[in-house]
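One structure below.
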Amino acid sequence: EWNQQRRPELLRLFETLVYGKVPEPPKPVRPTFQVRSEEKEALGGTAVRREITISFSEKPDGPRLDLLMYLPKVAGAARRVPAFLGLNFEGNHTIHSDPGIALARGWVPNNPDHGVTNHRASESTRGSSSSRWQVQRVLSRGYALVTAYYGDIDPDYDDGFQNGVQPLFYQPGQTRPAADEWGSIAAWAWGLSRALDALETVPEIDTRQVALLGHSRLGKTSLWAGATDPRFAIVIANESGCGGAALSKRNFGETVARINTSFPHWFCTNFHRYDGHEDRLAVDQHELIALIAPRPVLICSAAEDLWADPKGEFLAALAASPVYKLLGTDGLAVTAMPAPAPDQLVKSTIGYHIRPGKHDVTADDWNAF
């Protein structure tokens, strides 16, 4: 009943009421993959750096996604390695100071502190987010690390859905998605699936072992991508809050009304019906986590990040546990919310991690990942 009836029903409800469905395009969208650059002796000879451009249309100036990957050098040429895949906030060049990473080519958010004032990437931002990615630590453990800039898929501002992938799916005369069609989060999730398509062409990566991760709004995205694409082996949502792992009906921290007011483009138009009326929603976020079952999912919180509602994130993980147990796993191994502590991790099929500190991605989070 779960697989044939309830899960498809919940998926349709989330598509229709929260994130929006991916519409049928007037003509097929067939992304193409092209290796843009490769350095076999990157990072002092410890890794291979490769950049792949995913083109979503035949037009040279059409939307494209630049994928950056670092592959560890491992013994045995035939061995495929597992990988972490996640979107980044300001461009691939921000995850490491490596001068060989190409600057982001599209719109990026302004960051006056780093010299970005015209929505164009700058050398001054190279490596500015390296603490969030821990590239060399990941490689030393034998994983590949793959990332792409989320704004390549759909720029993160309310542009009426004119500058991302959505126009490729508009029917003749259509100028924006219908009320039950995708907002930006669903578009970013669709882009993650296309990134996984590209990884299936990379012989060094075992695409049966790709862990999908995201922080904050991209944590919301990773949960939705994991729910809609069963190829992702593990889903990690770091401090994903409202519209992510936190229960909407708690009305704590960031609420549905606040998030839809500040970011009207993230969710489908239908979701705005529930501004201040979360009690009327036919779903809540524990059911989103349950859609990933029985694959492992890790929900991560920070004690001082009350805007993301750590308690609501934990309670959603706990409430998803019955479905995980129904499908033969241990679900969440605890029933009481743990106290925040360094290197604290509930290591069950539904994992939960809470650390001291604020909204960020830290080395302690990576220990849990």
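The values are calculated or read from the model by the stated rules, or taken from the named source; none is laboratory data. None of the values given here were measured: they were computed from a predicted structure. Backbone-built Cβ (ideal geometry, glycine too); neighbour counts: all protein chains shown. Quick note on the areas: whole protein, heavy atoms, side chains included, nothing else; ligands and nucleic acids left out. Shrake-Rupley method; radii C 1.70, N 1.55, O 1.52, S 1.80 Å.
Going by a ≥ b ≥ c, the root eigenvalues of the Cα gyration tensor, does the stretch 107-178 fall in the rounded group (a/c under 1.5), the prolate group (a/b larger than b/c) or the oblate group? Since a/c reaches 1.5 but b/c is at least a/b, the shape of the stretch 107-178 is classed as oblate. Just need log10 I(q)/I(0) for the chain at q = 0.12, 0.14 Å⁻¹, Debye formula, equal scatterers on the alpha-carbon atoms, no solvent, rounded to two decimals. Relative scattering, expressed as log10 I(q)/I(0), comes to -0.89, -1.24. Stokes-Einstein diffusion for the stretch 224-369 at 10 °C, viscosity 1.306 mPa s, with a Kirkwood radius from C-alpha pairs, works out to 103 µm²/s. Listed peptides 265-272, 298-305, 242-249, 360-367 appear in the order 242-249, 298-305, 265-272, 360-367 once ranked by packing, highest mean of other Cβ atoms within 10 Å at the front.
Cα gyration tensor of the stretch 16-107, axes a ≥ b ≥ c as square roots of the eigenvalues: rounded (a/c below 1.5), prolate (a/b > b/c) or oblate? It comes out prolate by the Cα gyration axes. Contact order, relative form, for the chain: 16 percent (alpha carbon pairs under 8 Å, 6 or more residues apart, mean separation divided by residue count).
Distances between placed amide hydrogens fall under 5 Å for E181 paired with K21, T269, all partners being 5 or more residues away or on another chain. Multiplying the residue separation of S193 and Q171 by 0.36 nm and removing their Cα-Cα distance gives an extension gain of 5.7 nm. Note on the stretch 288-357: the alpha carbon radius of gyration divided by the globular reference 2.2 N^0.38 Å gives 1.05. Each listed q (0.22 Å⁻¹) maps to a log10 I(q)/I(0) for the stretch 144-212 from the Debye sum over equal C-alpha point scatterers, namely -0.93. The distance linking the stretch 315-366 with the stretch 141-207 is 28 Å (Cα centroid to Cα centroid, whole angstrom).
What does the C-alpha gyration tensor say about the overall shape of the stretch 109-239? Classify as rounded when a/c is under 1.5, otherwise prolate if a/b is larger than b/c, or oblate. Because a/c hits 1.5 or more and a/b fails to exceed b/c, the stretch 109-239 counts as oblate. Note on exposure: K358, K220 ranked by accessible area (1.4 Å probe, complete protein assembly) read K358, K220, with the most exposed listed first. Computed from backbone phi with θ = phi - 60° and the Karplus coefficients 6.51, -1.76 and 1.60, the 3J(HN,Hα) list for the stretch 314-329 is 5, 5, 5, 4, 5, 6, 7, 4, x, 5, 4, 5, 4, 8, x, 9 Hz; x is used for glycine and proline. Once both labels are positioned 7 Å from their Cα atoms along Cα-to-Cβ, the gap between A257 and E58 label points is 5.0 nm. Once the chain from N110 to E1 is taken as fully extended at 0.36 nm per residue, the excess over their C-alpha distance is 34.4 nm.
Reported value for the stretch 184-236: 60 Å³ per residue, from the convex hull of its C-alpha atoms. Dimensions of the stretch 221-284 from C-alpha coordinates, computed as largest minus smallest value along each principal axis and given longest first, are 35, 23, 22 Å.
For K220, a cut-off of 17 angstrom between C-alpha atoms picks up these lysines, skipping any fewer than 8 places away in its own chain: K21, K249, K311. In sequence order, the stretch 141-152 has phi-based couplings of 8, x, 9, 7, 10, 10, 8, 8, 7, 5, x, 5 Hz under the Karplus curve 6.51 cos²θ - 1.76 cosθ + 1.60, θ = phi - 60°, and Gly or Pro positions carry x. Peptide packing for 83-90, 200-207 was compared via the average number of neighbouring C-beta atoms within 10 Å per residue; ordered from the highest value, the list is 83-90, 200-207.
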